[in-house]
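Only one structure is covered here, and it is reproduced in the block below.
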Amino acid sequence: MAFVVSRSALSVSAVATPSGKRAAASRVVPRAALNDSAPKLFRASGADAPAQAAAGAPAAVATPFDDYRFAPIREATVSRAMTSRYFKDLDTYAEADVVIAGAGSAGLACAYELSKLAPDAKIAIIEQNVSPGGGAWLGGQLFSAMVIRKPGQAILDELAVPYEDEGDYVVVKHAALMTSTLLSKVLQAPNVKLFNATAVEDLIVRDDAVSGRRIGGVVTNWTLVTLHHDTQSCMDPNVLEAKVVVSTCGHDGPMGAHSVKRLAKLGMVDEIPGMAALDMNAAEDRIVANTREVVPGMVLAGMELSEIDGSPRMGPTFGAMFVSGQKAAHVALGVLRRRQAQEAAAKAATNAAAEALAA
């Protein structure tokens with residue numbers, strides 16, 4: 001059916017379908033009823049739309065999708081399919097082995113490496129943005145290409161991401177190619193769950209007889225709630241316990257360097273000096289070298305390290321981000337295994353004491 005609007009009225013004509021079973025009819029709708037003075041062309045849409053919507057229109061092009069039909073579904077079925085899985089994930093990862101705060105280049109590289117090193121570990125990623133990837137969707141100043149200094153291209157080779165070899169560095173034609181490839185690998189890992197549009201608001205801190213004060217997990221909320229605590233009444237958060245937290249929240253910003261700023265307020269680290277001015281050659285080596293467990297239970301990676309160490313910013317070169325994340329995975333695994341051994345020893349001691357009392 002075609003709807004053609006003149007400046008004075010809407011003329012509605014029903015034209016015959018290709019089967020010829022539909023009789024022609026017409027009527028006129030006054031312009032005043034439309035409350036719109038601009039001439040427009042309205043075409044019927046949907047499964048019963050005629051092959052040609054208006055006289056003189058180009059002939060329709062045949063495609064493999066012309067008779068496409070979706071299987072029927074109820075709206076409630078869609079709702080249950082989403083919510084049941086999400087709440088199952090919340091239940092599963094309420095006690096995670098590793099929580100990674102931040103799904104930028106360092107956080108994704110950490111999750112990817114750790115999923116390979118420890119397929120038995122439950123790994124949760126918390127990302128405040130709707131879209132993970134941080135600043136790695138583009139190069140510097142919103143340009144497309146991603147520059148990675150050698151030997152940082154090893155992860156590109158592993159992921160089969162093509163690049164141009166320029167000698168001491170390589171160039172990926174679009175940063176999104178690397179980020180989307182890495183992200184897809186992380187999301188395919190069976191032991192990794194990404195909770196995006198979720199913010200880390202605080203840390204769980206416990207007193208431990210062996211380690212002293214240690215990080216025991218993260219405090220979370222929907223990002224939109226976190227951003228509007230000052231405009232709404234109290235909206236309490238949720239929590240995810242973890243044996244290890246890897247923080248890759250980036251340099252200072254609206255939610256950047258969140259963990260190191262919180263550690264400083266808690267008195268668990270000295271006052272943070274902040275990131276120094278740009279020096280690519282010094283920055284990348286230092287970021288990788290300084291990737292470490294900064295307090296019991298928390299590993300830092302990526303540009304968040306520059307805030308606690310005062311190291312230079314690196315600008316639009318990405319190798320250190322990926323390699324720092326990979327190194328953080330190995331550090332986190334060591335911390336995880338140490339914690340698991342401590343818990344096993346404590347459990348054995350408790351059982352032994354109980355048996356002694358029973359005897």
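Sorted by packing (mean other beta-carbon atoms within 10 Å per residue), highest first, where do 127-133, 108-114 land? Display every interim value, and only then the final one.
Details: 127-133: 19.1, 108-114: 28.6.
Highest-to-lowest ranking by the protection proxy: 108-114, 127-133.
For the stretch 217-359, what is the relative contact order in percent, using Cα pairs closer than 8 Å and at least 6 residues apart in sequence?
It comes to 23 percent, rounded to a whole number.
How far, in nm, would the chain grow between GLN342 and ASP208 when pulled straight, counting 0.36 nm per residue and subtracting the alpha carbon separation?
Fully extending the segment from GLN342 to ASP208 adds 47.2 nm.
Provide the gained length on full extension for the span GLU164 to ASP285, in nm with one decimal, where the gain is 0.36 nm per separating residue minus the Cα-Cα distance.
41.3 nm is the gain from fully extending GLU164 to ASP285.
Per residue, how much accessible area does the stretch 184-228 show when a 1.4 Å probe rolls over the protein heavy atoms, in square angstrom?
That works out to 48 Å² per residue.
Determine the alpha carbon to alpha carbon distance for each of LYS88/LYS265; LYS193/LYS265; LYS150/LYS193; LYS88/LYS327; LYS88/LYS193 and list only those over 23 Å.
LYS88/LYS265; LYS193/LYS265; LYS150/LYS193; LYS88/LYS327
Just the projected area, averaged over all directions, of the convex hull on the alpha carbon atoms of the stretch 188-295: how many nm²?
Across all orientations, the stretch 188-295 yields a mean hull projection of 9.6 nm².
Quick one: pull the percent of accessible area on the stretch 84-347 belonging to carbon and sulfur, 1.4 Å probe, ligands and nucleic acids left out.
54
Sort the following peptides by mean Cβ neighbour count (other Cβ atoms within 10 Å, averaged over residues), highest first: 135-146, 235-246, 76-87.
235-246, 135-146, 76-87
Using 0.36 nm times the number of residues separating ALA353 and TYR68, minus their current alpha carbon distance, what extension gain do you get?
95.7 nm
Using +1 at the Cβ of each Lys and Arg and -1 at the Cβ of each Asp and Glu in the stretch 302-350, identify which of GLY302, ALA332, ALA348 lies farthest towards the dipole's positive end.
The Cα lying farthest towards the positive end belongs to ALA348.
In terms of solvent-accessible area of protein heavy atoms at a 1.4 angstrom probe, what is the ranking of ASP202, ASP279, highest value first?
Working: ASP202 40, ASP279 70 Å².
Output order, biggest surface exposure first: ASP279, ASP202.
The values are calculated or read from the model by the stated rules, or taken from the named source; none is laboratory data. Predicted model, so just to flag it, every value in this text is computed and none were measured. Glycine also receives a Cβ, built like all others from the backbone with ideal geometry; neighbour counts cover every protein chain displayed. Each accessible area value is taken on the protein alone, full model and side chains, heavy atoms only, with ligands, DNA and RNA left out. Shrake-Rupley method; radii C 1.70, N 1.55, O 1.52, S 1.80 Å.
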